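So the structure is just underneath, and the comments pick up after that.
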């Protein structure tokens, strides 16, 4: 499969070392309880579940499973805390959030290691992207707390109340930061639930919040699976639901909150189009394709999972892409050299494998670089599907894994039509050196984020969120404040 | 000798045309004394479906029209309405308004159109941002229309209510399908004539008359509608709309107020509610 | 023939920087590191290009080239000595019996501001003196003025004057302004007959950077895919530590692969790099951090 005979000898003779990040400075308890009203408390029903390291199937810790009873206690704590927290001056609130940001930075490496242990993502990403971005997110919103009147002049912005926040497993801590930072800065109190496969960093965050001296009950972090999430969504005294996750669950939540007073923001799935024109900086475009679909094993709602290459450069791009894939290193998430880590869970691995089987059955041509995958744990080689068409299931549905569907196009209208021909509308990428083409595309692509000559970039100041079935509301930037405020 | 009045046939307004409902059904509108004023179309889900097709077809070119142009078209609507002021006042009176209220409603409607005409090239500047990202990229966010919007117009003010929800929607580049006030639908159809004579491209505003009970569920569930605006305070309706909207993650906007006279009933935030925010990134190093 | 320069790949510095950052974060196995450092030594064009150069200095450098550090076993010699034309014969004599090449800069190095005739004469002189390799500079002024044909023709003429000697073409990327220009110049040089393309004279800042090297590697790969011909690359100037040298090898490895991982296709133009690599090798062997006073400076 390896076209470049040279690469094999290189890999045999000149190896990168195993450079595992040290775990000696990391403290993980054997068991984690629920963080409610400023204390770690046992779940009412006394149930716990294991959290597993997806790269070797080993159990890392036992984590409490919150039931409706625990959710109720947490919501009550948040409700009780809301009055004084929302009456605290913006200046003081902001200082708490700043303090959390700083504590975060101090312990950044520890959080990075745990994130990679629990979720399987490469340490290079958790260390260089997830954790710094999370800390910066707290920094950014901390500064807004006493400036809301300038963000919304003459509108008398007020916090909504108790926010129920449900976050996914792909960027556990970063998503926690995206949810918590604006909610706290605007004076809301929170009940947050991390995903059941990746609860650890949120629980470490609870420890950090406890250390920060944040008033009791302002942030409550409870763990559990879908049922726990449903209890939050359905709790009558929750005023706001912020959810990031699959479109299916998002629809369920929208339906479940129908007819209630709850305000809702949804950040859901995507099937991002990544479009390469013939005049693109091909090499950066190839790198962009890699970033778009293999970043975080493709467990990214805004992944560029549909690639559109202009016909005149398709062969070149695909050849370069395959060549580039040869040098991707797949393996131990804690190894600093690792480019692609473990698939987050057995279940997700099965989902992806199922899509690959569908792709093959539909007659698409598959390409996977030869790579040795570890025996234990959840692993999948980066995968391309060539010669696919719009009607293929692997083109239409979100796979949420390192699987790229490649199509070619001839004209600009054709590619815009194809790119928009999806119920999703989260992200898109455009690669061209022609300015007018960039603006034409950004104006015509139905997506909340358009990356031109780059992909998968994030920043606390930059609003993020979807069109159509990718959800509504924005996170990040000034726009990210709105979902946590009501106006008179 | 008394001359016999020519009575108007009130039809639907779909895609810039005035068709009768495909079903041939109608419902009567009577004056206070119980005398028939007009027979009004009882639009069906098929009429609604046709209107969505017309709206979808019109939306992107409407959105692409320059902000200046859209503003001028909205202003043109105001001009046309001003010219036919007396007709609208009379029509409101026939439907039961006092003379004073009818005059006020028409004037406010005209002013509201002018108000939103002025926003056409300004709201973008209010809701956009250049975001100072930490990496070497230029990054900006700007509003874009949500797309096709179905609207259930306010019940009480047949003209002002409709104008108040329609204007911010279309000035923001959306195309709409509006279900007129069930009890006071006449101004809505007369207003369609104003629209039709004021350069609003066909399909940008589609107006139906009919029963909420029959149409709301389709307006909320149609998969090619991006957002739904419901004016009213029937909590059953609100719940049903929210539930059905979830089938395609439709944006839902509920306005519970009855009276759309006050100045708080106009603001750029009515425009903002039917906008998406798009963020664009580009590297800055050469 | 001058290639079509209108449809060349273009580069975006933000993207290239990101890629370089990823290369630089690779961690290399200790055993590979030792092999890599030795490989790096074997790729060095040990260089002295100064007005104050003397025969004695050149002879000392040649000795160093053949015996980088006698206490380390299995140490290769460097690839070549790089000098001005007037010291080619001295170097050639001093290196007799070794397979170390003598490279001579030429064509009015470093500015290139002379007549073509003078450049050809200088090149022929260097070759007659025994130079195995010629490091020429391109006429940056002509390039920036858009006279690509001139640049192309000049390289082609020098190539002809080289005869059997290998031609390395210095683009002097520090004067070319953009990565796109680096790509363009690489393309001109390769099509005009360069055996190697080289980043810098070392006289202009910035000299070699990983960014321009990356762009040149990319050009080489495309040229190889199109013509089947392998062109070598020589980053030169400012590469002074073992760590940076290894990072260059990582880039080479991941972009072009192992076929290019030898002195026939890759050179470092450097002077102080050797000692830093030696210190690193001794440190690896002994586990103790080293001091420069134990390593000969020639």
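Using the Cβ-Cβ distance between residue C:66 and residue B:138 with R0 set to 60 Å, the FRET efficiency works out to roughly 0.65. Does a label point 7 Å from the Cα of residue B:269, set along Cα-to-beta-carbon, have any residues of segment A:215-253 with amide nitrogen under 18 Å, and which are they? Zone members listed by number: A:240.
Counting other Cβ atoms within 10 Å as a rough exposure proxy, the listed residues B:240, B:223 run B:223, B:240 from fewest neighbours to most.
When both segment B:165-241 and segment B:41-111 are represented by their alpha-carbon centers, they are found 11 Å apart. Could you tell me the calculated FRET efficiency between residue A:155 and residue A:396, based on Cβ-Cβ distance and R0 = 45 angstrom, to the nearest 0.05? Rounded to the nearest 0.05, the efficiency is 0.65. Using alpha carbons only, how many degrees (0 to 90, rounded to 10) separate the axis of helix B:186-196 from the longest principal axis of chain B? Taking Cα atoms only, the helix is inclined about 50 degrees.
Counting other Cβ atoms within 10 Å as a rough exposure proxy, the listed residues C:106, A:327 run A:327, C:106 from fewest neighbours to most. Helix B:160-171 and the long axis of chain B differ in direction by around 30°, with both axes built from C-alpha atoms. In percent, rounded to a whole number, the relative contact order of segment A:148-191 is 47, using alpha-carbon pairs under 8 Å and six or more apart. Which shape class applies to chain C: rounded if a/c is under 1.5, otherwise prolate when a/b exceeds b/c and oblate if not, where a ≥ b ≥ c are the square roots of the Cα gyration tensor eigenvalues? Note, shape of chain C comes out oblate. Mean 1/r over all different Cα pairs, inverted: what Kirkwood radius does chain A give, in Å? Hydrodynamic radius (Kirkwood, Cα pairs) of chain A is 23.0 Å. Need one number: nm distance between label points at residue A:370 and residue C:128, each 7 Å from Cα along Cα→Cβ, rounded to one decimal. Going by the 7 Å Cα→Cβ label model, 5.4 nm.
In terms of its C-alpha gyration tensor, segment A:131-264 comes out oblate, because a/c is 1.5 or above while a/b does not outweigh b/c. Relative to the longest principal axis of chain A, what angle (0 to 90°, nearest 10) does the C-alpha long axis of helix A:172-185 take? Between the helix axis and the principal axis of chain A, the angle is about 40 degrees. Here the sum of -39500 (n - 2.57) over DSSP H runs of 4 or more residues, divided by the residues of the protein assembly as shown, equals -13000 deg cm²/dmol at 222 nm, to the nearest 500. When each of B:170, B:177, A:318 is scored by the number of other beta-carbon atoms lying within 10 Å, the sequence from fewest to most is A:318, B:170, B:177. Model label sites at residue C:29 and residue C:54, defined 7 Å from Cα along the beta-carbon direction, differ in position by 4.8 nm. For residue C:73, project a label point 7 Å along Cα to C-beta. Then give me every residue of segment C:277-298 with its amide nitrogen under 20 Å of that point. Answer for this model: C:278-288. Spacing of the modelled spin labels on residue A:69 and residue B:121, each 7 Å from Cα toward Cβ, amounts to 6.6 nm.
Of the Cα atoms belonging to segment A:273-452, the radius of gyration and Dmax stand at 15.7, 50 Å. Semi-axes of the equivalent ellipsoid for chain B, computed as √(5λ) from the eigenvalues of its C-alpha gyration tensor and ordered from largest down, come to 34, 21, 17 Å. What does the C-alpha gyration tensor say about the overall shape of the protein assembly as shown? Classify as rounded when a/c is under 1.5, otherwise prolate if a/b is larger than b/c, or oblate. It is prolate, given that a/c is not under 1.5 and a/b is the larger ratio.
Counting only other chains, and only Cβ atoms inside 10 Å, what mean value do you get across the residues of C:20-32? It would help to have the intermediate numbers written out before the result.
Values: counts 0, 2, 6, 1, 0, 6, 8, 8, 6, 7, 1, 3, 5.
Partner-chain Cβ atoms within 10 Å, mean over residues of C:20-32: 4.
Computed over segment C:58-99, relative contact order equals 51 percent, with contacts defined as Cα pairs under 8 Å that lie 6+ residues apart. For segment C:13-294, relative contact order (Cα pairs under 8 Å, six or more residues apart, normalised by length) works out to 18 percent. Note on the protein assembly as shown: antiparallel DSSP beta bridges, both residues inside, total approximately 30 percent of the bridges counted.
Every read-out reported here was derived from the displayed coordinates using simple, explicitly stated rules and does not represent laboratory data. Being a predicted model, the structure only gives us computed values, none of them experimental. As a convention, Cβ positions derive from the backbone with ideal geometry for all residues, glycine included, and neighbour counts pool all protein chains shown.
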